[in-house]
Each structure stands twice: as structure tokens, then as C-alpha cells.
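The values are calculated or read from the model by the stated rules, or taken from the named source; none is laboratory data. Everything quoted here is computed from the prediction, not taken from an experiment. All Cβ positions, glycine included, derive from the backbone under ideal geometry; neighbour counts span all protein chains shown.
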Amino acid sequence: MKKPQLTRRQLLSGLGVSLTGGLSFLAARPRPAAGAPAPEPYFLIMIGAAGGASIIDSFLAIRHSECTNWQGTNTFPDAVVSDVQNTPFRAVNMSFDGVGQLRYPFTTDQAAFVRNHSENMMVSCYMCSSVNHRIAQQRAMNGDDAWRGRTLPEAVASAYGQNYPLPSVNMSFDGYFDRGHDATVPTFAYHVPVTDAPSWPMGLDGMRGVLDVPSRDLLMEARALRNSVLDQSSPFGRTFSKSERLKLWEEQRGPSLERLEQADLITRLMMLEDGPNRQLSRYGLLESPDGQRVRERFPNLLTDPLQAKAALAFLLIKNRVSCAVTFSSTFATLIEGNRLSNPPLGFDFAHTIHRPTQALMWSNVLSVIDGLVRLLRDEPYNEATGESFFDRTLIYVATEFGRMKRREGGSDTFGTGHDLFNGVLMVSPLVNGNRVLGGVDRQTGISHGFDGESGDPRPMAQTPEREIYAGVLHALRVDTTGSGLPDMRAMRRRA
């Protein structure tokens, strides 16, 4: 009796793939004529620190000895706060036996990150305009409607993505996932959603991964017959022949899909390893030439979604598929063996137990940034100039909002609510590195702003989201003519 063969659907299901989206999410939108001139791209990787990452639990930490009311303020024992030599940054290194009742010990080492990356680190203090999760996330993306409501990824994809297969890819959720509402953004700059980073590349070819499939030539003939004859003459096709949505769908499953398949993205973005548990070769699939590299930098990518998203972000940029990639931490509880990789609600578990939550989540974010920097720095962008991909990339940690600065009686198990005052982290050779813009009042923990031209602190004023938004785009050399955005010269590296 012939042994039953696994279907492609069964293979994908076994690998944890969601088939609900199909290729309609993946194909590129209409764009300028092929080969149209475009400026040399710069790249944005936007990391959403979902739940509210507190800047005074990392690079602007306050020692007990610096605060008169240290028992009632979120301050740290002097011994665990390091001033990192030749930098304006601080680092908190601590060990914990777990997060609340989740008894999974861990140790943080923020100082190592600062030592390795201070030259390209910039912390900018600001005041957000909402402490609602979704609204704060949206405003981190669009600068509180700073440029007619377009998001940072949309602005970057519009500027640099016209010749890229998938200019903007989004692996986040909630407000970080929302599109902007600027009607002038070209549709090719809309983001492509990805729900499962390791398996998503399998959906980038409509024929590969199927056992005993007919030849590609025959299937292409079948597609052509369907697209140009059968669908056109169907009652549905005749009724909606002038529909813009139908024309978009025809573009997506026609020329755009062919471009994705011809680029062999199903291979170039495949981070999974071929082997007995994942028989890629049995189905005619191959792992990416960079697969081993990303697995070495992100060894838990099969069980830790943050690492998987970072791995895909690198592959998308390195292979010149996308110029804007967005991903975020999750609100799901994730435990791998004896490791807690994500507490309930991510950074927002600080409502229940602030200090270990912030420490673990900051450690996770800094770990993936470190991996991304090392991969991008080792990847040549232009052999002639010696530029690496990192030289043209800005990694932006959108911290959502801050946390309340108060605690009771010097407790280390306190909880915190949402707060407007905070700071953001950027890591890039394009920003004003080794710099803190603004600052923190060490008596209250409340941040203050800075002058966008000089970078001088403004102790009695705040920097709004709009100015942070402008600074990101200007560091990435995006042309913002006509936007009305301020020139945030202090945030970009001077030539």
C-alpha cells in the first residue's frame, strides 16, 4: 500500500503557519514604473516596547544617595547603578529570583550593552500625550499626527521603498500595528502584516513546498487563463470590473506575486533549519544562506517571538526586501524550559511588580538590538564605499509611555501606573551618539526636554512626540519638505 504523502497544508500546519492571510497580504501595492529613480535608501527598525518601558530603569537610573525622598521614589541602591566610563549613560545590573510568582531567576547586564554601543546610542527625553496603550502606541508611530497622520514606517517606505518588493513589514500589534491616516501616502508604502516570523516566508511562493506539483510553466499557464479569461468573463468580474479594490487584488496576485517568486524570497528569508523535524528539502525548500548566522545571534528564535522578529528584520533589510520594519514585544506570557522570556503583559506587568518586570523586558530588548547591530554591522551595503547596512540603519525603541515614579517605604516589590514623562532609545551611526538629550530630575524622577537645534537641556520645558518623530526622519535623511516639521538638528550626527 502506498504510504500517504503529507500535503503542503499539513506541512505548513505542522510548522505552525497561519494560512488565514494568504498571499493577498504579501504582494506589493501599485507603485511608480519599474526602474524609476529612487534615492539611496536608509533603513528604519522600529521596536515597540509594549506596556511602557521606563527610562529611569535603564540609562537614566537614579541612586538612593541622589534623592532626598529615595524611599518614596523609584531609585536604586547605589551599588547596582554604574556610571559607564566615557559615556553620559548609566546602567543597572541586578539579579532576581523571578518576576512576582514566576520563579525563573535571571541577571541583567545593561552595562555591557552600553560599553558595546555607547558611540551609537542616543537617549532623548520627551513627554507623551496619552497613557492609553493603543493611543500612545499610535502616537509613537505618527508623532501625534505630526505629518498629516503618516507613520514613521510609512514616511520611510514612501521615501525609499518604491523599488523594494515589500517596503514596509509590520510584526507588531495594537497601536504599533495601525496604519496612519495620511491619504497622500502611496499605497506601496502601506505595511505588510506578519503574524509568525519563522514560517511567514513559506507564503511567498504560490507553488513551492507542494509535493508532486505540476511544472511551473503549466501552473503559470493556468494562472494566466484564470486571470485574463475566466475571472474577466465571470459575473463577478463583469459586475466589479471598475472596482479599485479588484484592480489592486489583480495586481497583487499577478505581477506583484510573480516578482516575489522570481526574487526567491521563500529561500532568502527562510530562517528555519532543514532537518528531521523540519523536512524542508523533502518539499523542495531551502534555508536561507544567512540562516545559520541569524540562529547564532538569536538562538531562541523558535520559542521567543521577539528574537524571531529581529531575525526576520535583519533578513528583510539585508536582502533589500524592506526599508522599514516594525516589531514589538508581546503581552503574552512566554516560558521556555527554565527561562521566562516574557512576563504577562510585557512591560505593563510593572503594574503588579515593577522592578523585575522592567529589568527583564529591558534585557530582552537590548539583547535583540545587540544581535541586530552585530549582524547589520558585518553585512556590507556598498563594497566600494565600505558602508555596512548598520551605517544606514536607525533602530528606534518606541517606549510607549513612562511609569509612575513613586513607591512606598523603599519597597522593591512596588507596582506602577502609567506616566507621561519618559525617554526613548535610538541606536544608529546616523544619530547624535553617546548623548542624552534632556534629562531627569533626580528628586522626582520626572524627565525634561531639550532644544531641538542645540541639544541644550530645557529643565522647565518638555519635548513633545512631534519633535521626536521629526528627529527620526531627519536622521534618516527623509525629505520632509512641506510637512511643517521642526528641524531637530540636535538628534542627528553631524558630518
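So for region 291-306 (the condition being under 27 Å from S158 (Cα atoms) and buried (at least 16 other Cβ atoms within 10 Å of the Cβ)), does at least one residue qualify?
Looking through region 291-306, at least one residue is under 27 Å from S158 (Cα atoms) and buried (at least 16 other Cβ atoms within 10 Å of the Cβ).
Only one of L230, L225, L219, L248 is in a helix (DSSP H, G or I), under 30 Å from T326 (Cα atoms) and hydrophobic (A, V, I, L, M, F, W, C). Can you tell me which? Walk me through how you get there before you give the answer.
Details: L230 fails: under 30 Å from T326 (Cα atoms); L225 fails: under 30 Å from T326 (Cα atoms); L219 fails: under 30 Å from T326 (Cα atoms).
The match here is L248.
Out of region 455-495, which residues are hydrophobic (A, V, I, L, M, F, W, C) and touching a residue at least 40 places away in the same chain (Cβ under 8 Å)?
Once the filter is applied, which keeps residues that are hydrophobic (A, V, I, L, M, F, W, C) and touching a residue at least 40 places away in the same chain (Cβ under 8 Å), region 455-495 yields I468, A470, V472, L473, A475, L476, V478, L485, A490, M491.
What about R150, is it surrounded by fewer than 18 Cβ atoms within 10 Å (Cβ to Cβ) and either free of Cβ contacts under 8 Å to residues at least 12 places away in the same chain or not polar (S, T, N, Q) (or both)?
Taking the combined requirement at face value, the residue does not satisfy it.
Can you tell me which residue is nearest to the chain's Cα centre (by Cα) among those in region 449-465 that are of a type in the set (A, V, I, L, M, F, W, C) and surrounded by fewer than 16 Cβ atoms within 10 Å (Cβ to Cβ)?
Applying the filter and picking the extreme gives A461.
Out of N163, N116, I need the residue that is modelled with pLDDT under 95, at negative phi and not hydroxyl-bearing (S, T, Y). Which one?
Just a single option satisfies the conditions, and that option is N163.
May I ask you to list the residues in region 449-495 that are of a type in the set (S, T, Y) and touching a strand residue (DSSP E or B) at 6+ places or on another chain (Cβ under 9 Å)?
Within region 449-495, T463 is the sole residue that qualifies.
Against the definition (more than 22 Å from V192 (Cβ to Cβ), touching a helix residue (DSSP H, G or I) at 6+ places or on another chain (Cβ under 7 Å) and without any contact (Cβ under 8 Å) to a residue 40 or more places away in the chain), how does G237 come out, yes or no?
So G237 fits the description; yes.
Based on what the data block shows, is A495 modelled with pLDDT under 95, small (G, A, S), surrounded by fewer than 16 Cβ atoms within 10 Å (Cβ to Cβ) and part of a loop (DSSP other than H, G, I, E, B)?
It is true that A495 is modelled with pLDDT under 95, small (G, A, S), surrounded by fewer than 16 Cβ atoms within 10 Å (Cβ to Cβ) and part of a loop (DSSP other than H, G, I, E, B).
If you check R115 against the conditions, is it within 28 Å of K309 (Cβ to Cβ) and buried (at least 22 other Cβ atoms within 10 Å of the Cβ)?
So R115 does not fit the description; no.
Checking the structure you have, find out if any residue of region 77-85 is in contact with a helix residue (DSSP H, G or I) (Cβ under 7 Å, 6 or more places away or on another chain), free of Cβ contacts under 8 Å to residues at least 24 places away in the same chain and more than 30 Å from G337 (Cβ to Cβ).
Yes: region 77-85 contains one or more residues that are in contact with a helix residue (DSSP H, G or I) (Cβ under 7 Å, 6 or more places away or on another chain), free of Cβ contacts under 8 Å to residues at least 24 places away in the same chain and more than 30 Å from G337 (Cβ to Cβ).
As an exercise: evaluate G143 against (1) crowded, with 24+ Cβ neighbours inside 10 Å; (2) under 26 Å from K318 (Cβ atoms); (3) of a type in the set (G, A, S) and give the number of the one condition it does not meet.
Result: G143 fails condition (2) only.
Looking only at helices (runs of 4 or more DSSP H) that lie completely in region 265-327, which have at least 2 residues being of a type in the set (A, V, I, L, M), more than 19 Å from R377 (Cβ to Cβ) and touching a residue at least 40 places away in the same chain (Cβ under 8 Å)?
Passing ranges, in order: 265-268, 305-318.
Would you point out which residue out of L425, L437 is farther than 14 Å from A490 by Cβ and of a type outside the set (S, T, Y)? Explain how you work it out, then say what you get.
Details: L437 fails: farther than 14 Å from A490 by Cβ.
Being farther than 14 Å from A490 by Cβ and of a type outside the set (S, T, Y) holds for just one of L425, L437, which is L425.
Just to verify a result, which residue in region 72-88, among those that are in a helix (DSSP H, G or I) and of a type in the set (G, A, S), is surrounded by the fewest Cβ atoms within 10 Å (Cβ to Cβ)? Lay out the reasoning, then the answer.
Of all residues in region 72-88, those in a helix (DSSP H, G or I) come to 72, 78-80.
Okay, now just the ones that are also of a type in the set (G, A, S), so 72, 79.
On the way: G72: 16, A79: 10.
So, considering only residues that are in a helix (DSSP H, G or I) and of a type in the set (G, A, S), the one surrounded by the fewest Cβ atoms within 10 Å (Cβ to Cβ) is A79.
With the checklist (1) surrounded by fewer than 19 Cβ atoms within 10 Å (Cβ to Cβ); (2) assigned to a loop (DSSP other than H, G, I, E, B) in hand, flag the one item I335 doesn't pass.
Unmet condition: (2).
Could you please give the count of residues in region 461-482 that are more than 23 Å from R392 (Cα to Cα) and in a loop (DSSP other than H, G, I, E, B)?
Qualifying residue count, region 461-482: 4.
Taking L437 and the conditions (1) aliphatic (A, V, I, L, M); (2) touching a Pro at 6+ places or on another chain (Cβ under 9 Å); (3) surrounded by fewer than 21 Cβ atoms within 10 Å (Cβ to Cβ), which numbered condition does it fall short on, given that it satisfies the others?
(3)
For region 416-423, check the following and say yes or no: at least one residue is closer than 22 Å to G48 by Cα, in contact (Cβ under 8 Å) with a residue 60 or more places away in the chain and out of contact with any Lys or Arg (no Cβ under 9 Å at 6 or more places or on another chain). Quick ask: steps written out before the conclusion?
Just the residues of region 416-423 that are closer than 22 Å to G48 by Cα, to begin with: 416-423.
Next, from what is left, pick out any that are in contact (Cβ under 8 Å) with a residue 60 or more places away in the chain: 416-423.
Among the residues that remain, those that are also out of contact with any Lys or Arg (no Cβ under 9 Å at 6 or more places or on another chain) are: 420, 423.
Yes; the residues of region 416-423 include at least one that is closer than 22 Å to G48 by Cα, in contact (Cβ under 8 Å) with a residue 60 or more places away in the chain and out of contact with any Lys or Arg (no Cβ under 9 Å at 6 or more places or on another chain).
Spot the failing condition for E250; the list is (1) surrounded by fewer than 16 Cβ atoms within 10 Å (Cβ to Cβ); (2) modelled with pLDDT under 90, and only one is missed.
Among (1) surrounded by fewer than 16 Cβ atoms within 10 Å (Cβ to Cβ); (2) modelled with pLDDT under 90, E250 violates only (1).
Only residues in region 169-185 that are crowded, with 24+ Cβ neighbours inside 10 Å count as the first member; pair them with residues that are among the charged types (D, E, K, R), Cβ under 7 angstrom, at least 6 apart or cross-chain, and list the lot.
As it stands, the answer is M171/K309, since those pairs meet every condition given.
Tell me whether region 404-420 contains one or more residues that are of a type outside the set (D, E, K, R), part of a strand (DSSP E or B) and under 19 Å from the mean Cα position of the chain (by Cα).
Initial filter on region 404-420 (of a type outside the set (D, E, K, R)): 404, 409-411, 413-418, 420.
When the remaining residues are screened for being part of a strand (DSSP E or B), the result is 418.
If we keep only those that are under 19 Å from the mean Cα position of the chain (by Cα) too, we end up with none.
Checked region 404-420: no residue is of a type outside the set (D, E, K, R), part of a strand (DSSP E or B) and under 19 Å from the mean Cα position of the chain (by Cα).
If I go through region 341-397 residue by residue, how many of them are assigned to a helix (DSSP H, G or I), among the charged types (D, E, K, R) and touching a residue at least 24 places away in the same chain (Cβ under 8 Å)?
Counting residues in region 341-397 that are assigned to a helix (DSSP H, G or I), among the charged types (D, E, K, R) and touching a residue at least 24 places away in the same chain (Cβ under 8 Å) gives 6.
Only residues in region 120-137 that are aromatic (F, W, Y) count as the first member; pair them with residues that are part of a helix (DSSP H, G or I), Cβ under 8 angstrom, at least 6 apart or cross-chain, and list the lot.
Listed pairs, sorted by first residue: Y126/E465; Y126/E467; Y126/I468.
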